[in-house]
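Taking it in order: structure first as structure tokens, then the write-up.
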Amino acid sequence: MDILQTIFGGGIASVVWFIVGSILYTNPFVAKIYKSAEGSPGLKKWQSIPKYIGLQSTYPNKLLAVEFVNGTIGSFVIGMVFALVI
């Protein structure tokens, strides 16, 4: 495998993920979900890192679902770009 082809594939995949990620995270449906979770303890800014790490387990289920779905879609798209380019 040629190193330039690998770098090119990574660059193309990054641009594609930027576009797909922007669509997935800035659409009105997802924005509404994030807006509804603004008061959740999992989203507060903590002064202490240990307290923050302990509150990550309280991250709202709706936001975890959004992260899972968007991450899965993004990973699939990047995999397809790699498969096509490299």
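The values are calculated or read from the model by the stated rules, or taken from the named source; none is laboratory data. Bear in mind the structure is a predicted one, so any value in this text is a computation, not a measurement. Cβ coordinates were reconstructed from backbone atoms using ideal geometry, including for glycine residues, and neighbour counts include every protein chain displayed.
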query: Do we find that ALA31 is part of a helix (DSSP H, G or I), closer than 30 Å to ALA83 by Cβ and modelled with pLDDT of 80 or more in this structure?
result: no
- request: List every residue pair whose Cβ atoms sit under 6 Å apart, with the two residues 6 or more apart in sequence or on different chains, where the first one lies in the stretch 68-86 and is at positive phi and the second, anywhere, is exposed (fewer than 14 other Cβ atoms within 10 Å of the Cβ).
  value: none
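One line per residue, one yes/no per condition, for (1) modelled with pLDDT under 85; (2) closer than 30 Å to PHE8 by Cα; (3) assigned to a helix (DSSP H, G or I):
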residue	(1), (2), (3)
TRP46	yes, no, no
PRO50	yes, no, yes
GLN56	yes, no, yes
LYS62	no, no, yes
ALA65	no, no, yes
ASN70	no, yes, yes
GLY74	no, yes, yes
ILE78	no, yes, yes
PHE82	yes, yes, yes
message: Looking only at residues that are surrounded by 12 or more Cβ atoms within 10 Å (Cβ to Cβ) and assigned to a loop (DSSP other than H, G, I, E, B) in the stretch 34-44, which one is modelled with the highest pLDDT?
response: ALA37
